[in-house]
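The values are calculated or read from the model by the stated rules, or taken from the named source; none is laboratory data. This one's a predicted model, so the numbers in the text were calculated from it and none came from an experiment. Neighbour counts run over all protein chains shown; Cβ positions are idealised from the backbone, glycine included.
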There are 2 protein chains.
Amino acid sequence: MNPKVVLKSEDIPKQWYNLAVDLPSPLQPPLGPDGNPVTPEMLAAIFPMSLIEQEMSPHRWIDIPEEILDILLKWRPSPLHRALSLEKALGTPARIYYKNESVSPPGSHKPNTAVAQAYYNKAAGTKKITTETGAGQWGSALAFACAQIGLECKVFMVRISFDQKPFRKLMMQSWGADCIASPSTETKAGRDILAQNPDTPGSLGIAISEAVEAAVSDESGETKYSLGSVLNHVMLHQTIIGLEAKKQLKLFGEKLPDVVIGCAGGGSNFAGISFPFTLDKINGAQIDIIPVEPFSCPTLTKGPFVYDLGDFSGMTPLLPMYSLGHTFVPPPIHAGGLRYHGMAPLVSQAVHEGLMEPRAIHQLECFEAAVQFARTEGIIVAPETSHAVAAAIQEANKAKEEGKEKVILFNMSGHGLMDLRGYQSYFAGELGDYEFPKEEIEKNLAAIKDFPKPSTATSGKW
Amino acid sequence: MNPKVVLKSEDIPKQWYNLAVDLPSPLQPPLGPDGNPVTPEMLAAIFPMSLIEQEMSPHRWIDIPEEILDILLKWRPSPLHRALSLEKALGTPARIYYKNESVSPPGSHKPNTAVAQAYYNKAAGTKKITTETGAGQWGSALAFACAQIGLECKVFMVRISFDQKPFRKLMMQSWGADCIASPSTETKAGRDILAQNPDTPGSLGIAISEAVEAAVSDESGETKYSLGSVLNHVMLHQTIIGLEAKKQLKLFGEKLPDVVIGCAGGGSNFAGISFPFTLDKINGAQIDIIPVEPFSCPTLTKGPFVYDLGDFSGMTPLLPMYSLGHTFVPPPIHAGGLRYHGMAPLVSQAVHEGLMEPRAIHQLECFEAAVQFARTEGIIVAPETSHAVAAAIQEANKAKEEGKEKVILFNMSGHGLMDLRGYQSYFAGELGDYEFPKEEIEKNLAAIKDFPKPSTATSGKW
């Protein structure tokens with residue numbers, strides 16, 4: 001039986017889908033330090049106006065420029081696989097499909113938005129883009145995209161990852177980007193932190209602060225900042241994943257899936273696979289849409305829906321989202337991309353409105369699922385992606401118990417070839433299941449108790 | 001313009017192509033220690049009979065079993081890309097195409113034969129396969145294939161690579177294989193060498209000796225040995241690359257290429273891309289077919305055509321091939337897969353008969369080409385593959401000088417994400433262009449001067 005469907009180049013989607021238009025209630029706006037909604041002009045210091053327009057767009061479908069498609073076509077449409085070997089191993093009546101985003105040159109879904117952001121920046125006269133990276137997937141993707149488009153790229157990489165993952169820096173260097181450890185001496189934010197704590201391992205929040213400062217402090221205005229997740233325009237660019245998957249499921253003879261799964265850190269790969277199907281759900285289809293997060297950073301499953309900062313030191317606006325508090329430092333699990341304290345506002349609101357059913361899974365179950373996936377389907381997934389695999393296996397086992405022929409779709413967001421140290425720790429029996437640090441969360445949330453509240457704020461569930 | 005053509009699953013080639021049938025002169029047989037041709041029965045101790053039959057097959061086309069296709073279809077047909085960005089950067093009138101074998105789960109062309117070999121072994125009752133690996137590509141591919149087919153897998157990995165590339169071992173472990181450093185204490189060959197030299201870094205020749213011994217010393221007969229290159233059946237399995245490329249070039253509107261290029265260590269990826277086009281050349285087409293090797297291990301460009309051993313310690317038959325002598329230890333360049341002293345007999349004879357024009361390129365030019373390729377086409381290639389990229393750039397520049405619209409096809413045999421240390425050394429300015437060690441070669445060739453000679457033996461060109 002055919003284990004894979006590819007689309008022809010000419011069948012690549014020509015428009016992105018904007019879920020914001022179809023959400024039952026309108027998205028609440030980002031707020032400035034004064035509590036008032038952020039204006040496009042305020043964002044113009046760090047983003048080109050075309051991306052700010054997408055961030056606030058009232059249009060359901062947004063055309064993908066030809067120049068972006070030309071680059072995406074180097075690896076897209078990505079394959080949709082039927083997990084025949086995994087199904088057989090599980091003995092499930094479910095049909096499991098996975099979208100393979102690992103075929104991009106940087107190995108994940110991240111370049112879908114990196115290319116788009118680099119393109120719009122170039123068109124607006126930007127010469128250089130700054131960004132931060134934690135585990136390294138995003139920095140690699142932006143370095144790749146900037147090489148494709150012809151832009152300088154500067155990546156602030158969280159120091160502990162910079163030291164532990166020298167190969168990520170080499171990937172970025174191969175694509176011509178400048179990758180330095182954060183905190184660095186190149187920004188005031190970095191210098192201040194180093195003065196206080198010269199041995200700090202750094203954090204994503206700190207790296208964001210440095211990257212934003214590096215962009216706004218270039219007085220020529222030719223340096224802009226780029227974010228790899230969380231924001232609406234990033235979710236938008238990723239919807240090409242689900243739009244392709246929808247066409248490919250039809251070629252497999254399926255109608256709509258019963259279950260759609262993606263791992264969720266900032267929310268972008270999950271949004272990519274799920275938003276086009278969320279539209280079907282809004283229109284009445286029965287679909288379980290499941291963002292999967294680590295038990296040790298349970299933003300959606302335990303956190304409250306609040307206004308919180310996107311970064312550690314307040315360079316970003318307040319965003320309406322589920323959050324564990326912007327000062328939350330999660331345990332050092334291997335899925336570095338899932339350790340973000342917040343969640344994309346679009347994903348947050350869809351969860352808030354009951355369109356999605358978040359799930360938390362422990363690290364050991366995820367690695368066990370990843371090894372089973374490697375030995376059946378053959379692909380070694382990223383530690384982040386293992387959360388989606390584990391949830392798909394849970395659903396397939398449930399279908400077996402219920403004797404139901406469910407159709408399960410998940411996003412295989414990236415390969416794990418640059419993150420084999422996680423597998424090493426797993427094989428060595430060094431990994432544990434981190435308990436949710438309740439007291440620390442309460443302390444972090446106490447720090448944001450005076451922030452404005454969304455009109456539909458909730459409290460957390462711990 | 002469309003930068004890539006994929007084929008539908010149903011268009012995957014259903015037969016392999018056997019060049020041996022079409023060579024102008026018959027292939028000279030492998031010889032045993034007594035100088036007589038090796039019989040199928042002698043090979044049966046380490047290979048299943050079905051593979052031995054393929055090794056000696058008189059058939060031009062050999063059916064690919066359905067079960068093998070089902071696994072290959074997980075990533076095949078692999079894409080054929082038009083290198084539009086590279087062409088633009090070079091300002092060449094040439095149209096450059098590359099076959100992307102990096103999309104396989106282990107990241108190279110190697111699983112094309114690993115899956116086939118695992119399949120035929122399983123069908124013959126084999127329970128376990130042993131092999132050796134140098135840089136790690138082959139061991140990873142066989143580990144992957146054995147997991148797909150359901151066989152145990154034991155990999156002897158050259159100690160210096162084992163220590164320098166811990167992630168390769170983790171890949172194999174993720175697929176359930178057992179990977180140990182060679183020389184090991186598990187074989188007599190390994191123990192003997194360790195007794196003489198406890199600190200030896202190991203070599204591919206030693207690892208082959210250990211893997212063969214581990215197979216033949218299992219008295220149950222259920223353990224067999226597998227080789228990832230050199231042998232005729234390995235070349236056969238790789239021809240699916242060129243057969244796909246031929247169909248894809250047609251979809252791009254091309255007839256035959258003017259130039260076909262592949263890097264050549266043992267010869268398998270080069271054979272894969274080139275043999276189907278060699279048939280066209282034998283039938284009268286004008287095609288330059290170029291195996292590319294490192295200047296520091298110039299088997300085809302400097303070595304003689306002789307009978308030589310495939311391994312260090314004489315576990316293999318004598319093979320008719322270009323060789324630098326089986327005791328040759330090449331300089332430690334980063335393209336570990338191109339450091340083999342010999343060359344596949346089928347490639348050797350095709351070169352010998354003037355069907356192919358081998359070329360040697362220095363390491364620095366190869367890395368320079370690889371970086372240009374990464375920054376234009378976006379893919380970071382393996383150090384081995386960089387030799388094919390460098391030759392393609394040479395040909396594209398030649399076409400520019402001549403003002404000719406040539407069609408250049410090369411095999412992008414694997415990605416370099418597991419070999420970024422090579423790029424690190426290159427960026428750090430630590431790499432040199434190794435001179436060909438003439439005296440050492442003469443010494444190594446003196447050691448085989450009493451071996452039987454092929455009827456068409458030549459002397460080397462140094």
- Message: Regarding the range A:286-297, can at least one residue be identified that is closer than 15 Å to residue A:257 by Cβ, touching a residue at least 24 places away in the same chain (Cβ under 8 Å), outside any loop (DSSP other than H, G, I, E, B) and among the hydrophobic types (A, V, I, L, M, F, W, C)?
- Response: yes
- So is residue B:429 in a loop (DSSP other than H, G, I, E, B), within 27 Å of residue B:104 (Cα to Cα) and within 14 Å of another protein chain (Cβ to nearest Cβ) or not? no
- Among all residue pairs at least 6 apart or on different chains, which show Cβ distances below 6 Å where the first residue, located in the range B:319-344, is more than 16 Å from residue B:295 (Cβ to Cβ) and the second is assigned to a loop (DSSP other than H, G, I, E, B) and among the β-branched types (Val, Ile, Thr)? B:325/B:448; B:344/B:230
- Message: I need the full set of residues from the range A:163-176 which are more than 10 Å from chain B (Cβ to nearest Cβ) and either surrounded by 22 or more Cβ atoms within 10 Å (Cβ to Cβ) or within 13 Å of residue B:422 (Cα to Cα) (or both), in order please.
- Response: A:172
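Could you check how many residues of the range A:94-104 are assigned to a helix (DSSP H, G or I) and within 27 Å of residue A:50 (Cβ to Cβ)?
Taking the range A:94-104 as the starting set, the residues that turn out to be assigned to a helix (DSSP H, G or I) are A:101-103.
Now drop any that are not within 27 Å of residue A:50 (Cβ to Cβ), which leaves A:101.
Final tally of qualifying residues: 1.
One line per residue, one yes/no per condition, for (1) touching a Lys or Arg at 6+ places or on another chain (Cβ under 6 Å); (2) assigned to a loop (DSSP other than H, G, I, E, B); (3) on the phi > 0 side of the Ramachandran plot:
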{"residue": "A:92", "(1), (2), (3)": "yes, yes, no"}
{"residue": "A:106", "(1), (2), (3)": "no, yes, no"}
{"residue": "A:113", "(1), (2), (3)": "no, no, no"}
{"residue": "A:118", "(1), (2), (3)": "no, no, no"}
{"residue": "A:126", "(1), (2), (3)": "yes, yes, no"}
{"residue": "A:130", "(1), (2), (3)": "yes, no, no"}
{"residue": "A:141", "(1), (2), (3)": "yes, no, no"}
{"residue": "A:147", "(1), (2), (3)": "yes, no, no"}
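Scanning for something more than 22 Å from the chain's Cα centre (by Cα) and at pLDDT below 95, does the range A:49-59 turn up at least one residue? Walk me through it before giving the result.
Of the residues in the range A:49-59, the ones more than 22 Å from the chain's Cα centre (by Cα) are A:49, A:58-59.
Then drop every residue that is not at pLDDT below 95, which leaves none.
Checked against the condition, which is being more than 22 Å from the chain's Cα centre (by Cα) and at pLDDT below 95, the range A:49-59 yields no hits at all.
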- Query: Do we have any residue at all in the range B:132-140 that's within 23 Å of residue B:67 (Cα to Cα), hydroxyl-bearing (Ser, Thr, Tyr), buried (at least 24 other Cβ atoms within 10 Å of the Cβ) and touching a His at 6+ places or on another chain (Cβ under 6 Å)?
  - Reply: no
- Note on the structure: With criteria (1) part of a loop (DSSP other than H, G, I, E, B); (2) in contact with a helix residue (DSSP H, G or I) (Cβ under 8 Å, 6 or more places away or on another chain); (3) more than 27 Å from residue A:79 (Cβ to Cβ), residue B:88 comes up short on (1)
- Message: Restricting to the range A:15-24, and then to whatever is under 14 Å from residue A:242 (Cβ atoms) and crowded, with 19+ Cβ neighbours inside 10 Å, can you tell me which residue is nearest to the other protein chains (Cβ to nearest Cβ)?
- Response: A:16
- Message: Being within 12 Å of residue B:106 (Cβ to Cβ), assigned to a helix (DSSP H, G or I) and aromatic (Phe, Trp, Tyr) is the requirement here; does residue B:162 meet it?
- Response: no
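Which of the residues belonging to the range B:62-79 are in contact with a Leu (Cβ under 7 Å, 6 or more places away or on another chain) and crowded, with 23+ Cβ neighbours inside 10 Å?
Of the range B:62-79, the ones in contact with a Leu (Cβ under 7 Å, 6 or more places away or on another chain) are B:62, B:77.
Listed by number, the list holds a single entry, B:77.
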- Query: Any idea which residue in the range B:177-205 is surrounded by the most Cβ atoms within 10 Å (Cβ to Cβ), counting only those that are within 14 Å of another protein chain (Cβ to nearest Cβ) and without any contact (Cβ under 8 Å) to a residue 40 or more places away in the chain?
  - Reply: B:177
- When the residues of the range B:67-85 are filtered to those that are within 19 Å of residue B:369 (Cα to Cα) and in a strand (DSSP E or B), which remaining residue is nearest to the other protein chains (Cβ to nearest Cβ)? B:81
- Note on the structure: Apart from one, (1) more than 14 Å from chain A (Cβ to nearest Cβ); (2) among the aliphatic types (A, V, I, L, M); (3) buried (at least 16 other Cβ atoms within 10 Å of the Cβ); (4) under 22 Å from the mean Cα position of the chain (by Cα) all hold for residue B:12; the odd one out is (1)
- Item | Residue list for the range A:274-288, filter: within 18 Å of residue A:360 (Cα to Cα) and within 16 Å of the chain's Cα centre (by Cα) | A:274
- Item | residue A:199, sole failed condition from (1) touching a Gly at 6+ places or on another chain (Cβ under 9 Å); (2) modelled with pLDDT under 95 | (1)
- Just one of (1) touching a helix residue (DSSP H, G or I) at 6+ places or on another chain (Cβ under 7 Å); (2) of a type outside the set (Gly, Ala, Ser); (3) at pLDDT 95 or above; (4) farther than 27 Å from residue A:450 by Cβ trips up residue A:357, so point out which. (1)
- Leading residue by the ranking (surrounded by the most Cβ atoms within 10 Å (Cβ to Cβ)) among those in the range A:360-370 that are in contact with a helix residue (DSSP H, G or I) (Cβ under 6 Å, 6 or more places away or on another chain) and of a type in the set (A, V, I, L, M, F, W, C): A:366
- Tell me which residues, restricted to the range A:162-189, are modelled with pLDDT under 95 and touching a Pro at 6+ places or on another chain (Cβ under 9 Å). A:163, A:189
- Is it fair to say residue B:445 is touching a Gly at 6+ places or on another chain (Cβ under 7 Å), away from chain A (no Cβ under 14 Å) and among the aliphatic types (A, V, I, L, M)? yes
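Of the residues B:93, B:111, which single one is out of contact with any strand residue (DSSP E or B) (no Cβ under 9 Å at 6 or more places or on another chain) and surrounded by fewer than 24 Cβ atoms within 10 Å (Cβ to Cβ)?
Checking each option against the conditions leaves just B:93.
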- Message: If I ask for residues that are in contact (Cβ under 8 Å) with a residue 60 or more places away in the chain and either at the interface with another protein chain (Cβ under 8 Å from one of its Cβ atoms) or assigned to a strand (DSSP E or B) (or both), which ones from the range B:405-420 would you list?
- Response: B:407, B:408, B:409, B:410, B:411, B:412, B:414, B:415, B:417, B:418
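Kindly establish whether residue B:220 is at negative phi, surrounded by 23 or more Cβ atoms within 10 Å (Cβ to Cβ), more than 14 Å from chain A (Cβ to nearest Cβ) and not β-branched (Val, Ile, Thr). Don't jump to the end; show me each part of the working.
Numbers: at negative phi: yes; surrounded by 23 or more Cβ atoms within 10 Å (Cβ to Cβ): no; more than 14 Å from chain A (Cβ to nearest Cβ): yes; not β-branched (Val, Ile, Thr): yes.
In short, no.
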